Structure formats: structure tokens, C-alpha cells
Amino acid sequence: MTTQVNDNRFDEAALQEQFDATIEAKDRIEPRDWMPEAYRKTLIRQVAQHAHSEIIGMQPEGNWISRAPSLRRKAILLAKVQDEAGHGLYLYSAAETLGVTRNELTEKLVAGKQKYSSIFNYPTLSYTDVGTIGWLVDGAAICNQVPLCRTSFGPYGRAMIRICKEESFHQRQGYELLMTMMRGTEAQREMVQESVNRFWWPALMMFGPPDDNSPNTEQSMAWGIKTHTNDELRQKFVDMSVPQAEALGVTFPDENLKWNEERGHYDFSTPNWDEFWAVVKGDGPCNEQRLNHRKRAWDEGAWVREAALAFAENQTAEAAATPTAADATPAAGVDTTTPEETAK
Amino acid sequence: MTANNEPTIHVEHDEAGTNVDHGDHDNAYSGLLVNDANWAFGTDFEDPLAGVDTTVPDGVDAKDLGAYCLMLGDDALVFSQRISEWCSNAPDLEEDIALANIALDLLGQARLLLARAAAADPELVPELPAGSPVPDEDRLAYFRNDLGFRNVRLAEVPGGDFAEAVAKILIYSTWRLSIFERLTDSRDTVLAAIAAKGVKEMSYHRDFAGRWVVTLARGTEESKSRLLKALDGLWPLWSELFETHPVETAVAEAGIGVDPATVADEASVILDQVFAAAGIDRPERGGLAGVGVHGGKGRDGLHTEALSKLLAEMQVVAREHPEGQW
């Protein structure tokens, strides 16, 4: 792990100039490079939120592992949720290159001091939601994340390349589940439509507040942390999703959704931003539940983590290895979202 | 990590992305409507034993083979279901991932074993409305009640802390690995292949659990006392693992299965090695009694109260849609 060296022997202005040149050239900033403190803080916040989103995001889909209606689907779902834990691991590692630890970040999350993507504050009320989340939520996450593969901070960008590959795989799995259900019984088709109705608007809100109400966007774009505005990405997502819905045989719950020849894009209604801000501020259907779940797991695991540390300390002279962190490599992966909305 | 989530002898669900080129990532949907080579695997259900010769060997009673595979398959399925409950609940991310791997391995074993059971004895498979697309492995998993399940009772033990989880995995995998190692010589080549795959997986499970048992035993006072309590609570289920059911006698005689009594000594020795490394004593408690007129246990379909609840949850969606496609 590298921590920032504030060495006064160097002229800060010269360093800033070099940093700006790197950004301008669209090269990567690496952990050992000088960077403005505000850049570091912004990145820590964004990467941590992203990591937290992966970990909290395990819950809504994990809710259906025990009830997945076929063994094949159970295996796919379990592997997917496991992948989210793997994504969380890569991202916490990327954050650690900025001088924070995973434990610190987790403590902040469970204390409610750092955010995660609001989409996970919606409940999964039907097994079908597993497919819908794959298609729409992972789909929106990919739209948000693909540009991040070119983000200016090296470790984050490289983590995102791997994560995006895995995300797009899971998105296909989700869409394929819905396709299969649409070929099934009438009851199954109704389940798909019901689930899509519930997730359409929350998925659109995943791109964050409208550009005129997203104060951090400008600075993040100047730094190359963010490369597209919220509204640009939202429009792109709508344009891509409509033909998908048609192929699937479902509709989106928006009577104003229609092709605009002049703009070359689909028009759509304004999302309910009051609902959005309410969820961001903690009043969503599952905010408390998600955080309590994470806090419980973290608190209940404290004695295990302490035991592993104590064992490792006792073992320094001995050959035996502890099965803690060294035991598991980040696995392959799934679902995520940039919590753009918390940019507020 | 030995993550092999493949439930089948041939691949149908790849661990995400490892050998899939998704091409242009700028477009989240490129190819989503195209039936290209990278299309999400398993657009349709594939029989886990597709392409495998499932002929029952000469001199083997197909009903015994089916019943035996059902026992082994139910062990793996029910234990997998329990371990998967840890998902998002483990002490740290590494353990969450490791426990999910173990659950996935067991689930893969269950699918193969249930498919083998159905192929050997189609009469085992519950009937559904004519035309139902539900495959045999899912009919067996989702449309039998608890009296039809043949798993040992250890597999269904609910809840518990992390110490109990690793203690359970250690006991289960030590027992099952000894059986699978012998089963690789089964005259039923399908069962032998399933066991060979399982041996690799269970070796990792036993190693994972063994190292954690040692860590907890030699960690803090609290971790040691939790571990001892967990082992003590589980111990009454140990002896059941080595009791021979008549079906197991029959398949052992036919050279296709293993009489669990024959692995009792080996499993005991291995467990004692772990206990020695951990510096703890083997619990001293008798076996948990069976129920009913003949003192039936898990292999007889007589379980703890926990199993019917586990099944109620596991089966609820599938049972609501007996003609559903997933």
C-alpha cells in the first residue's frame, strides 16, 4: 500500500502541472504518483462506494438462493452472488492503494458514513427479480462502468476492466432467464412483466440525478474520473433497452416512452426524483434492512477475525499457515453499480 | 481457489468471463439478441449426464443403484443448501467466497448424483402433469417430501455460528472423502467418474475446514470455546455416518458402492489428526437415537424437524410452477 508523500522539497505547482498533463494526455495516474488531495478523496469515496455496492448488492439476489426453482438456476445464482463478493474484494484492494484499509471502509459503511448504490434498497419480491436485476440493473451498471475502464486512476480502471467482463456475462444470464420464463407458462410471463414494472424506474435512477442537479459531475469529468454525464448515460440506456424489451415481449411502465425521429433517441418521462432522494437519504424500502444485515454479519464475524489474527501471531515461529486472507483469491464475478446518486 | 462450479462432466456454466470474450464493452447490449458463440451458456437445460453412457453394469440391481445415488445425492443437496445460507453472512469476504465455493461443489455433485439416480431407476422420479418440462434432477430435488429424502441427518442441521459451520464441513468432508476415494473404483463408471471429480473438491473442503478448526482451537479463548461447543453438539450425528443401510450392503456387494462402516476407522484417524493439531479432544457423546418402530434415521427417510422446513423453503417456487420453465 502506498501513502501519499507530502514532500515540501518539491514544488507543488510543478507536481500539479505534471498531474494535469497526465490527465490531459488521458494517461493513468498510479498510486505512487503525486495527486491533489481532493482527487484522492474523491476517488476513495467513489471506489469505496462502488465496493460497498458490490457487497450490499449480494443481499437482494442472495435472498433467492435458497428458493431458486431449479438446481441449475441455483448454481448460476450462487455463483453470481459469489462473484459480487469477488468484485468487492478487487475494489477494496484498489481503494487500499489510496491509503485506506478495507476494515476502515467497512466500519464506515456499517456506521452509515459511506454510501452504496440506492438500487439495492429496493426489495426482491419474486424469484423473477433475479433475471430483471441481471438484465436492467446489471445493464445500467455496465453503462455506468464501461467508461470507468478508462478512468484516470490506474488500479480502479484495471479493476473495472475485469469487473465489466464479468458483469456483461451476468447480464446475459439474467436476460436469458427472463427469455426462458417468457417461453414458459402464462403465470411466468406475468411474473416477468410484474418484475420489470418494479425495476424500470429504479434502474433509470441508477445513473444519478439530472445533470443540472449533479454538482460533482463537472470536477469528476475534468479529472477524468468520470467521462460521461448522468443524463447522457441514462439516454443511452433507454435507447438500448427498448428493443430488448420488445424482443422479450414486455413493456416498460411509461406511457411517454416513444421514438423521437428528430432527436434520434427515445423520449421518456422524468423519473420521480423525490423518490430518488428519499431513498438516497435513507428512506427507501430496504435501507435499514440492508445495512443491518451487513452490520450483523460483520459484528458476528468479529470473533472469527480476532481468532485468525491471534492464531497468526502465535504462529510466527511455526510453519503452519492461517486460512485467512491468504486462502482466498478474489473469485470471478457479477453485479454492481456506481452510486452516482450519492455524488450529491 | 479451486472454484469449479461446473456441476457436470461437460461444461454448461462457466465461471464468469474466464474464457469468454465479450468483445465490445462499450455497448452493454451488443450481442444480447444475437445467438453468437458467446451467448450466455445454457440457453436451455442440458442433462448433466448428456452424452454419458448410463447403462447399468451387469449383475447390478438398477433399483439399488438408483436408491444409493439418491442417498449420496440428497446428502450433497441438503448440505449444499445449508452452506449456501452463509452467502453474505460470513465473517469476511474470503470466507464468504470459500463457503460459496463449497456449496457450489456440493450442488454440482448433487445434480450429477440425482441425474444418475433417475437414469438408473426412472420409477424414483416424481410424476408431474403431462408435458411438464421439469427435468429429472429437479423433479427429485423439488417434488419429494422429507420422507422421501435419504440424506444423513448431519447434512440438515440448521443454523449455527462459523465454528459450527467449519466443524460440520470437516466432519462431512472427512467422511465423504473416504467414501468417494473408494467409489472411484466403482463398477458403475458413471458413479466412479462422479466420485473422481468429487475427490478433488472434497479434499479442498476438508483442508479448508481442517485449517479453520486448528485456527479457532488455537486462536482466542472465545474461538476455542465456540469450537468445542460446536463439535460437542454435532458429535451425536457422527456415528450415523458409518451405519450401513441395506441398500449400501447390496451396492457394496455388487461392487458399485461403498459400505460406510468400512471407512469408519480411516475417517476416525484423520479426524484425530486434526484434533491433535488443534490441541483438542474428540468429544465423547453417544449417537443420536432414531425414530419410529425401527429406530429409523436419515437413510430411512426419518429426519430431524429441520428438514421439512428446509425443503418447504427450497421447493416453494418450483412447486408453485410444476409446468414452469426455468
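Observations on the structure shown:
- Among residues of the stretch A:279-293 being out of contact with any helix residue (DSSP H, G or I) (no Cβ under 6 Å at 6 or more places or on another chain) and away from chain B (no Cβ under 14 Å), the one that is farthest from A:Gln114 (Cα to Cα) is A:Pro285.
- Test: residue in the stretch B:120-134 that is in a helix (DSSP H, G or I) and crowded, with 24+ Cβ neighbours inside 10 Å: yes
- Answer residue from the stretch B:279-294, given it is more than 24 Å from the chain's Cα centre (by Cα) and open to solvent by less than 30 Å² (accessible area, probe 1.4 Å) and is farthest from the other protein chains (Cβ to nearest Cβ) among those: B:Pro283
- When the test is whether a residue is within 25 Å of the chain's Cα centre (by Cα), among the polar types (S, T, N, Q) and in a helix (DSSP H, G or I), B:Gln325 does not pass it.
- Set side by side, the residues B:Leu310, B:Leu302 differ, and just one is in a helix (DSSP H, G or I), closer than 30 Å to B:Leu191 by Cα and in contact (Cβ under 8 Å) with a residue 12 or more places away in the chain, which is B:Leu310.
- Some residue of the stretch A:114-126 being farther than 23 Å from A:Leu204 by Cβ, open to solvent by 20 Å² or more (accessible area, probe 1.4 Å) and charged (D, E, K, R): no
- Filtered residue count, the stretch A:20-33, keeping only those that are outside any loop (DSSP other than H, G, I, E, B), surrounded by fewer than 19 Cβ atoms within 10 Å (Cβ to Cβ) and of a type in the set (A, V, I, L, M): 2
- The listed residues are B:Asp64, B:Asp58, and the only one of them that is more than 14 Å from chain A (Cβ to nearest Cβ), on the phi < 0 side of the Ramachandran plot and at pLDDT 95 or above turns out to be B:Asp64.
- Taking each residue of the stretch A:88-111 that is farther than 22 Å from A:Gln145 by Cα and looking for partners that are among the hydroxyl-bearing types (Ser, Thr, Tyr) and modelled with pLDDT under 95 with beta-carbon atoms closer than 9 Å, six or more apart or interchain, yields A:Gly99/A:Thr2; A:Gly99/A:Thr3.
- All of (1) in contact (Cβ under 8 Å) with a residue 24 or more places away in the chain; (2) among the hydrophobic types (A, V, I, L, M, F, W, C); (3) surrounded by fewer than 17 Cβ atoms within 10 Å (Cβ to Cβ) hold for B:Ala276 with one exception: (1).
For every residue, the table says whether it meets (1) of a type in the set (S, T, N, Q); (2) in a helix (DSSP H, G or I); (3) over 11 Å from A:Leu291 (Cα atoms).
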position	(1), (2), (3)
A:Gly88	no, yes, yes
A:Tyr92	no, yes, yes
A:Val100	no, no, yes
A:Glu107	no, yes, yes
A:Ile119	no, yes, yes
A:Thr124	yes, no, yes
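- Residue within the stretch B:158-176 that is surrounded by fewer than 24 Cβ atoms within 10 Å (Cβ to Cβ), of a type in the set (D, E, K, R) and without any contact (Cβ under 8 Å) to a residue 40 or more places away in the chain present: no
- Which listed residue, of B:Arg211, B:Arg206, is under 16 Å from A:Phe311 (Cβ atoms), open to solvent by 30 Å² or more (accessible area, probe 1.4 Å) and assigned to a helix (DSSP H, G or I): B:Arg211
- Criterion (touching a helix residue (DSSP H, G or I) at 6+ places or on another chain (Cβ under 8 Å), open to solvent by 10 Å² or more (accessible area, probe 1.4 Å) and in contact (Cβ under 8 Å) with a residue 12 or more places away in the chain) met by exactly one of B:Asp105, B:Asp138, B:Asp146, B:Asp92: B:Asp146
- Unmet criterion (only one of (1) modelled with pLDDT under 95; (2) more than 11 Å from chain B (Cβ to nearest Cβ); (3) open to solvent by 10 Å² or more (accessible area, probe 1.4 Å); (4) part of a helix (DSSP H, G or I)) for A:Gly157: (3)
- Selection from the stretch B:77-89 of residues that are touching an Asp or Glu at 6+ places or on another chain (Cβ under 9 Å), open to solvent by 10 Å² or more (accessible area, probe 1.4 Å) and within 7 Å of another protein chain (Cβ to nearest Cβ): B:Cys87, B:Ser88, B:Asn89
- For the stretch A:183-272, the helices (runs of 4 or more DSSP H) that sit wholly inside it and include 2 or more residues that are under 30 Å from A:Glu24 (Cα atoms) and out of contact with any strand residue (DSSP E or B) (no Cβ under 9 Å at 6 or more places or on another chain) are A:217-222, A:230-248.
- Qualifying residue in the stretch B:244-259 (condition: within 14 Å of chain A (Cβ to nearest Cβ), free of Cβ contacts under 8 Å to residues at least 60 places away in the same chain and surrounded by fewer than 19 Cβ atoms within 10 Å (Cβ to Cβ)): no
Rundown of residues vs (1) β-branched (Val, Ile, Thr); (2) out of contact with any strand residue (DSSP E or B) (no Cβ under 6 Å at 6 or more places or on another chain); (3) closer than 24 Å to A:Arg296 by Cβ; (4) in a loop (DSSP other than H, G, I, E, B), yes/no style:
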| residue | (1), (2), (3), (4) |
| --- | --- |
| A:Gln18 | no, yes, no, no |
| A:Met35 | no, no, no, yes |
| A:Leu43 | no, no, no, no |
| A:Val47 | yes, yes, no, no |
| A:His52 | no, yes, yes, no |
| A:Gln82 | no, yes, yes, no |
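- Residues being of a type in the set (Gly, Ala, Ser), closer than 30 Å to B:Trp212 by Cβ and more than 10 Å from chain A (Cβ to nearest Cβ) - total across the stretch B:98-139: 0
- For the criterion of being at pLDDT below 70, facing chain A (nearest Cβ under 8 Å), within 27 Å of B:Val152 (Cβ to Cβ) and in a loop (DSSP other than H, G, I, E, B), B:Ala3 passes.
- The set of residues from the stretch B:298-321 being open to solvent by 40 Å² or more (accessible area, probe 1.4 Å) and over 14 Å from B:Leu77 (Cβ atoms) comprises B:Asp300, B:Leu302, B:Thr304, B:Glu305, B:Ser308, B:Lys309, B:Ala312, B:Val316, B:Arg319, B:Glu320.
- Test result for B:Thr43, open to solvent by 40 Å² or more (accessible area, probe 1.4 Å), under 27 Å from B:Trp175 (Cα atoms) and modelled with pLDDT under 95: no
- Verdict on A:Glu176 being facing chain B (nearest Cβ under 8 Å), surrounded by fewer than 22 Cβ atoms within 10 Å (Cβ to Cβ) and under 30 Å from B:Pro322 (Cα atoms): yes
- Residue check, B:Arg111 closer than 30 Å to A:Gly57 by Cα, crowded, with 23+ Cβ neighbours inside 10 Å, touching a residue at least 12 places away in the same chain (Cβ under 8 Å) and basic (Lys, Arg): yes
The values are calculated or read from the model by the stated rules, or taken from the named source; none is laboratory data. Nothing here was measured: the structure is a model prediction, and the numbers come from that model. Backbone-built Cβ (ideal geometry, glycine too); neighbour counts: all protein chains shown. Note: accessible area is taken over every heavy atom of the protein model, side chains too, but ligands, DNA and RNA are not part of it. Shrake-Rupley method; radii C 1.70, N 1.55, O 1.52, S 1.80 Å.
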